[in-house]
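K.L.:
Please see the structure below; I have some questions.
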Amino acid sequence: MTAPAPGPTPRPVRVVIVDDHAMFRAGVRSELAAAGVGVVDIVAESADVDSAVAAIREHQPHVVLLDVHLPGGGGVEVMRRMPFPDARYLALSVSDAAEDVIGTIRGGARGYVTKTITGPELVDAIGRVADGDAVFSPRLAGFVLDAFAGSIDVAAVDEDLDRLTEREREVMRLIARGYAYKEVAKELFISVKTVETHMSSTLRKLQLSSRHELTRWASDRRLL
């Protein structure tokens, strides 16, 4: 006799929030508390890879809300270590770059949404991922389809980006989008001098000579 298919995940859905910005975690908790009454139960928060692995192991959540860029190796490293194999991972990131989306899905996430998502939309996405569905913000789904279709050369993108640190990638994307150094500093909570240092290092590693070339480089790889 064939075993019955597993039913929907029991409610409330147990959730661990993983993000290195405390104010953002507080905002997510508040939104989910307002929109997810009886649907979502936030059992823990973490700010880096090691604490995330420990929290997932201890609390055994149904869904992990996972930022892509974290101290200690990033969201993909959390999934690689998989302390509780039954957990499902939903990336919640400010980044909408193709290489982040594709790399995170290849790492094991069931979905990827950006931080512009509303509270009710996030509650719905968590519930769907808990039940085994794949969930993407509309624009990001196209990246995944293009990767499977071969329209994006993921290997080439990863090879270039592997030369950059996570912070250099963040600075690179903002500069390529036209942000001034002061705007980048404010967005990333770092000094203008630090932005300049990361920019110089990025141009050197990618063998580029100006922000105009950087913008073209990022645009060719659909990183904007």
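K.L.:
State the extension gain, in nm to one decimal, for the chain segment bounded by GLU121 and ALA141, taking 0.36 nm per residue of separation less the distance between their alpha-carbons.
P.N.:
Length gained between GLU121 and ALA141: 5.6 nm.
K.L.:
Going by amide H atoms built from the backbone, whose H comes under 5 Å of the H on TYR112, apart from near neighbours?
P.N.:
Those lying under 5 Å, H to H, from TYR112 are ALA91, VAL135, PHE136, SER137.
K.L.:
Further question: If you line up the long axis of helix 22-35 against the longest principal axis of the chain, both from Cα atoms, how many degrees apart are they, to the nearest 10?
P.N.:
On a 0 to 90 degree scale, this one is about 40.
K.L.:
Also, quick follow-up: Count charges around GLY27 for me, please; just the other residues with Cβ under 15 Å from its Cβ, Lys/Arg as +1, Asp/Glu as -1.
P.N.:
Net local charge, GLY27 excluded: -3.
K.L.:
Would you work out the relative contact order for the chain, in percent, from Cα pairs under 8 angstrom that are 6 or more residues apart?
P.N.:
Result for the chain is 16 percent.
K.L.:
May I ask you to give the solvent-accessible area per residue for the chain, in square angstrom, as obtained with a 1.4 angstrom probe?
P.N.:
Heavy-atom accessible area per residue stands at 50 Å².
K.L.:
Which far-off residues, 5 or more places away or on another chain, put their amide H under 5 Å from the one on ARG88, with H placed in the peptide plane?
P.N.:
Placed amide hydrogens put VAL63, VAL64 under 5 Å from ARG88.
K.L.:
On full extension of the chain, what length is gained from LYS205 through SER30, given 0.36 nm per residue of separation minus the C-alpha to C-alpha distance?
P.N.:
58.9 nm
K.L.:
Counting Lys and Arg as +1 and Asp and Glu as -1, what is the net charge of the other residues whose Cβ lies under 15 Å from the Cβ of VAL113?
P.N.:
Value of the local net charge: -3.
K.L.:
What FRET efficiency, computed as 1/(1 + (r/R0)^6) with R0 = 25 Å and r the Cβ-Cβ distance, is obtained for THR194 and THR114, rounded to the nearest 0.05?
P.N.:
0.50
K.L.:
Within 10 Å, count the other beta carbons around each residue, average over each peptide in 20-32, 97-109, 118-130, and list them highest first.
P.N.:
Output ranking for 20-32, 97-109, 118-130: 97-109, 118-130, 20-32.
K.L.:
Right, something else. Share of the chain's accessible area from carbon and sulfur, percent, 1.4 Å?
P.N.:
53 percent
K.L.:
Suppose the chain between GLU187 and ASP41 were pulled fully straight at 0.36 nm per residue; how much longer would it get relative to their current alpha carbon spacing?
P.N.:
Stretched out fully, the GLU187 to ASP41 stretch lengthens by 49.6 nm.
K.L.:
Follow-up. Looking only at the chain, where both bridge partners belong to it, what percent of the DSSP beta bridges are antiparallel (to the nearest 5)?
P.N.:
0 percent
The values are calculated or read from the model by the stated rules, or taken from the named source; none is laboratory data. Just so you know, these numbers come straight off a predicted model, no measurement behind them. Cβ: placed from backbone, ideal geometry, glycine included. Neighbour counts: every protein chain shown. These accessible areas exclude ligands, DNA and RNA; they are computed on the full protein's heavy atoms, side chains included. Shrake-Rupley method; radii C 1.70, N 1.55, O 1.52, S 1.80 Å.
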